[in-house]
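Okay, so here's the structure we're looking at.
The values are calculated or read from the model by the stated rules, or taken from the named source; none is laboratory data. As the structure is a prediction and not an experimental result, all values here were calculated from the model. Positions of Cβ are backbone-derived with ideal geometry, glycine not excepted, and every protein chain shown enters the neighbour counts.
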Amino acid sequence: MKIPIYQVDAFTSHVFGGNPAAVCVLKKWLPTDVMQQIAIENNLAETAFVTPQGSHLGLRWFTPETEIDLCGHATLATAHVLYKHLKYKAPKIVFESMSGILEVTQQGKLLTLDFPSRPAEPAALPKAIQKALSTQPTATLKARDYLLVYDSEEAVRNLVVNPTLLGKFPMDKGGVIVTARGDEADFVSRFFTPNASVFEDPVTGSAHCTLIPYWSAYLNKPELYALQVSNRLGTLMCKDMGERVHISGEAKTYLKGEIKINR
């Protein structure tokens, strides 16, 4: 069995920036355990698998640990592969996923994800998370992920999060978003996932399903420019659409190849 594979840096205009994801192009679904083994072998934050599924395309995402319900940067990477390498011609790509129907459109260099909005509600900050932080937030909210709001971009950039202490807090498949108003961008963020092989995710599209409604309401503006200030840095153009959010960015191919599996 031979499977085309691509590695794409998402939410960046250059290779070695943004968030890397693997994209495997299938003719039909592989057994779940095989897809999980491929994700383990790739050892990236996410590996996406895409295959024809009726009139749409099926899309699934795996970390080295488990299958997840939504991944923004790997969806962007998959759309990039379809448009650039597989010469997909439709103006809109429609994926069927664990999070329902997801659409991606292309305009110039930008790919735009149409994702569900996940507004956060005020919440208490668990002591286990509190102890893992070098400085404390000014506000705490929660959707799938905890959303911790700080008073400056500098505070977000300088925050130190203890992976051992944070790993003691059970979060199922969620994580911790830290955010603040940006100096140049409308807002900045970082994202941490306890017990994952990649503790700080370089750029997290799904986290912006929560960040966009929060900052859109706070700043009273629907269109937002965002930076995820990890070491690799991610650039995202965002729009609050009510029950949906639009997340736009560029992507660059790092490599393409072929997986060979003897079965």
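What the table shows:
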{"quantity": "Matching residues, the stretch 65-93, being touching a residue at least 40 places away in the same chain (Cβ under 8 Å), surrounded by fewer than 21 Cβ atoms within 10 Å (Cβ to Cβ) and either over 23 Å from Gln37 (Cα atoms) or in contact with a His (Cβ under 8 Å, 6 or more places away or on another chain) (or both)", "calculated": "Lys84, His85, Leu86"}
{"quantity": "Every residue from the stretch 29-49 that is free of Cβ contacts under 8 Å to residues at least 24 places away in the same chain, within 19 Å of Val198 (Cβ to Cβ) and either acidic (Asp, Glu) or not assigned by TED's automatic domain parsing to the domain that holds Val8 (or both)", "calculated": "Glu41"}
{"quantity": "Considering residues of the stretch 240-261 that are of a type in the set (Val, Ile, Thr) and under 16 Å from Val25 (Cβ atoms) only, the residue surrounded by the most Cβ atoms within 10 Å (Cβ to Cβ)", "calculated": "Thr253"}
{"quantity": "Qualifying residues in the stretch 79-124 (those that are small (Gly, Ala, Ser) and in a strand (DSSP E or B)) - the one nearest to Ala139 (Cα to Cα)", "calculated": "Gly100"}
{"quantity": "Residue in the stretch 232-240 that is farther than 29 Å from Gln7 by Cα, hydrophobic (A, V, I, L, M, F, W, C) and touching a residue at least 40 places away in the same chain (Cβ under 8 Å) present", "calculated": "no"}
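Results for (1) among the hydroxyl-bearing types (Ser, Thr, Tyr); (2) assigned to a strand (DSSP E or B), shown as yes or no for each residue.
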| site | (1), (2) |
| --- | --- |
| Ala180 | no, yes |
| Glu184 | no, no |
| Pro194 | no, no |
| Gly205 | no, no |
| Leu211 | no, no |
| Tyr218 | yes, no |
| Lys221 | no, no |
| Tyr225 | yes, yes |
| Ser230 | yes, no |
